[in-house]
Structures are given as structure tokens and as C-alpha cells.
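Note sheet for the following structure.
The values are calculated or read from the model by the stated rules, or taken from the named source; none is laboratory data. Just so it is clear, the model here is predicted, and its values are computed rather than measured. Cβ coordinates were reconstructed from backbone atoms using ideal geometry, including for glycine residues, and neighbour counts include every protein chain displayed. The accessibility values were calculated without ligands, DNA or RNA, using every heavy atom of the protein model including side chains. Shrake-Rupley method; radii C 1.70, N 1.55, O 1.52, S 1.80 Å.
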Amino acid sequence: MKKIQEHLGLVFLIIIAIFAVAIGGYFTLRKGVFIGDDFYYKVRADKFVHNTVNYVERTKDDTFLLVADGKKQNVSYTMKGDQVTFSFADDTINGTWTGDQLLAADGSPVGWDEMQIISGNEKPVISDETYSNALGHILYGNLESISFWGFTVLGVLIYVLGIVQIYYPDKVYFFLRRWQFQNAELSDEGRTVTVIGGVIICIIGIGVMSGLILYLIK
């Protein structure tokens, strides 16, 4: 009976890991672009969405629709090699695309000198320069993701370590130091504490695999 319970427990832990990896993949490994501090997921070849009232959509071959908190504006653009111009309602941004950002004519990054003073919980206004850099990523196919696959692998390794500690508390506790003891064996209390430590490690692993830890430390 105990063996069956252990096997069922292991299956349950594996299912949790699968869900955590799936959630992490969906929320942190999908491609998109950062606009300010917010990430816009690619939902179609021509549309990137943060939420229902914040998204970017290419509506024509030379025009983007930008929606910020429900407010809409159209931005047209022209491209010639790595030279690109974005035409906003009251501003025009010219630059050279480097593969990561736009450079102005003087070689400085577009938007490097912009500064906003924010009070309280006020949300910063996205500048034309910030939008231009994000649109450059879209136009030239330089998409990003919130995390990378190595972070997920790290989470899996941490989770596996936690499982091993739960199922083999004595072996984990005395690993590389059994030689120091003549009769190495944990007490019931020591075994319980070690198992609890394994559960905590598993929780950390879930946080890393699912990408939750990225949002907590943001």
C-alpha cells in the first residue's frame, strides 16, 4: 500500500511539473516585443497584444494601429534597407536599425534621453521613440521573449532535486558526508525536516518552471 501511495505521489508531482512547464512556456517563451515595461505577445503575424485595450496591429502594408488604454493612433512608416521612418500624428522618427534598436543620425540610440516624472501610481506614457523601437523589432523580425529555455531547464533540475530529497531524505542529507558517521541515519524529526526542505525546493522549482518567479522579482 505504501509503495502504491509513493508511486501515485510521484505521478502527481510529475503532472504538476508538466503543467508548470506548459504555463511557463505559454507566458514566458512565446515571442513578442517589449513596449516600455509591458510585453506584447505575438498572436498573429500582424498583431501583438498585451491585453484587450493595449495592442499593436499592422492594418496596411505601411501602417500600424497603436492602441494604448483604448486610445487609438495610426503610424505610417517607410523602409529602405536598415533606414526606417515612422510618421506619428505630431512627430516623425527617423533612424537606422541595428538589429536591436534605432540609432539617430548622430549615432545615439533613439529615445535614450527621454525622461518622465511619474507621481503615485500614475502609468508612464509611452513615447513615440519607445513605440518606434518596438515597431522596429516587429518590422525587422527581431522578436523577443520574457525568458529563455535555459531558465525552464533550471527549474526542472531544481524540481527534480526537491523530489529526490522528498523520497530519499537520508541519502540526500548524508550525501558526500556519510563517511563522517559510523551509523548514518536521520531521526524521524530530522527526516521530516529534510522532506519539508524538499517540498520547499519543489515549490521554488515550480516558480522557476512556470515563470512566476520572474513576475515576483520584476
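Below is a table of values for the structure above.
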item	result
Residue under evaluation P169, criteria (1) under 24 Å from the mean Cα position of the chain (by Cα); (2) at pLDDT 90 or above, criterion not met	(1)
Search result, residues across segment 20-46 that are out of contact with any helix residue (DSSP H, G or I) (no Cβ under 8 Å at 6 or more places or on another chain) and under 23 Å from L161 (Cα atoms)	A22
Count - residues of segment 1-51 that are over 24 Å from the mean Cα position of the chain (by Cα) and over 18 Å from I203 (Cα atoms)	8
Verdict on I16 being within 23 Å of L154 (Cβ to Cβ) and either open to solvent by 40 Å² or more (accessible area, probe 1.4 Å) or acidic (D, E) (or both)	yes
Residue within segment 42-49 that is of a type in the set (A, V, I, L, M, F, W, C), open to solvent by 40 Å² or more (accessible area, probe 1.4 Å), free of Cβ contacts under 8 Å to residues at least 12 places away in the same chain and in a strand (DSSP E or B) present	yes
Residues being open to solvent by 80 Å² or more (accessible area, probe 1.4 Å) and in contact (Cβ under 8 Å) with a residue 24 or more places away in the chain - total across segment 24-36	2
Meets criteria (open to solvent by 60 Å² or more (accessible area, probe 1.4 Å), under 23 Å from I14 (Cβ atoms), modelled with pLDDT under 90 and not small (G, A, S)) for K218	no
Segment 50-90, residues that are open to solvent by 50 Å² or more (accessible area, probe 1.4 Å) and not in a strand (DSSP E or B)	T52, V53, D61, D62, D69, G81, D82, A89, D90
Within segment 141-152, tally of residues that are more than 20 Å from A20 (Cα to Cα) and without any contact (Cβ under 8 Å) to a residue 12 or more places away in the chain	1
Count - residues of segment 140-152 that are open to solvent by less than 40 Å² (accessible area, probe 1.4 Å) and in contact with a strand residue (DSSP E or B) (Cβ under 8 Å, 6 or more places away or on another chain)	1
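Per-residue answers, yes or no, for (1) touching a residue at least 60 places away in the same chain (Cβ under 8 Å); (2) open to solvent by 20 Å² or more (accessible area, probe 1.4 Å); (3) assigned to a helix (DSSP H, G or I); (4) closer than 23 Å to V11 by Cα:
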site: L154; (1), (2), (3), (4): no, yes, yes, yes
site: G162; (1), (2), (3), (4): no, no, yes, yes
site: K171; (1), (2), (3), (4): no, yes, yes, yes
site: N183; (1), (2), (3), (4): no, yes, no, no
site: T192; (1), (2), (3), (4): no, yes, yes, yes
site: I201; (1), (2), (3), (4): no, yes, yes, yes
site: G207; (1), (2), (3), (4): no, no, yes, yes
